[in-house]
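No lab work stands behind these numbers, since they all come straight from the coordinates. Remember, it's a predicted structure, so these values are computed and weren't measured experimentally. Cβ sites come from the backbone with ideal geometry, for glycine too, and all protein chains shown count toward neighbours.
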Amino acid sequence: MHRKRVTRQIHRMGLILFCLLAPAAALQAQILHYTDDTGRRIYVDNISKVPHAYRDQLEKRGSRLTPERRDELEMERQERLSAQQQQQYLRQLDQAIAALQTPLTMRGNSVMLPVKVTLRGRTANTLMVLDTGASSTVFHRDKLSQLPLDARPSGYARVASGDVIETFSARFDRIEIGPYRIDGPRADIIDFQGALGHMMAC
């Protein structure tokens, strides 16, 4: 009889002890959450269950941050944001620089530029020699055969070979060189088939 009474008391003390310790254990448990790449918020009870890529965004649910820790986290967030903004700016800068670049072709000692000529809704693409000493823009007529040219005699010119050739003049809707566009330009047209090539004033 005495043994049964002692056993009951032990069970009762164990139950009381469990009731006292259980809330403390619950208070010590940490509920963590993070947001994955899909935007879904995920809750876990142990940091080991959080992928390393998301551990920098962990927050303790229900815990209170000290002002110092809050300032530290805010500084870290601002630094990450600043780094992201810098990367985005650099990407935009690279894109802007790439848009300004014009591909060049070297033929011997000549620098060839791709040129797009538009007239009355029709276009012609050709290559022109970059000649810094040229006084005007000159096209071979056959390179503009797709356009409805209205070329009129404009005079005569002496070419590098010494020959004197007749020149014609025509106005175009626009001439495009890479990202640059010239509206309503006038250019010279020639029928010469020698080694003159296409000249482009710089």
So the FRET efficiency between Ile31 and Tyr89, C-beta based with R0 = 30 Å and rounded to 0.05, is 0.20
Across 5 Å bins from the origin, how do the percents of Cα pairs in the range 105-200 run, short distances first?
3, 12, 25, 27, 19, 10, 3, 0
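What FRET efficiency comes out for Thr102 versus Ser154 if R0 is 25 angstrom and r is the Cβ-Cβ distance? Round to the nearest 0.05. It would help to have the intermediate numbers written out before the result.
Details: r = 28 Å, r/R0 = 1.14.
Calculated value: 0.30.
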Just subtract the alpha-carbon distance of Ile165 and Gln78 from 0.36 nm times their residue separation and send over the number in nm, one decimal.
24.4 nm
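Report, in debye and to the nearest 20, how large the dipole of the range 76-181 comes out about its Cα centre when Lys and Arg carry +1 and Asp and Glu carry -1 on their Cβ.
On the way: 14 positive and 10 negative charges, 56 e Å.
That gives the range 76-181 a dipole magnitude of about 260 debye.
List the trypsin sites (Lys or Arg not before Pro) within the range 63-141 that DSSP assigns to loop and that have no more than 14 neighbouring Cβ atoms inside 10 Å.
Numbers: sites: Arg64, Arg69, Arg70, Arg77, Arg80, Arg91, Arg107, Lys116, Arg120, Arg122, Arg141; in loops: Arg64, Arg120.
Those that pass, being in a loop and sparsely packed, are Arg64, Arg120.
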Per-selection Kirkwood Rh - the range 26-169 (Cα, Å, 1 d.p.)
22.8 Å
Cα centroids of the range 66-93 and the range 104-170: how far apart, whole angstrom?
54 Å
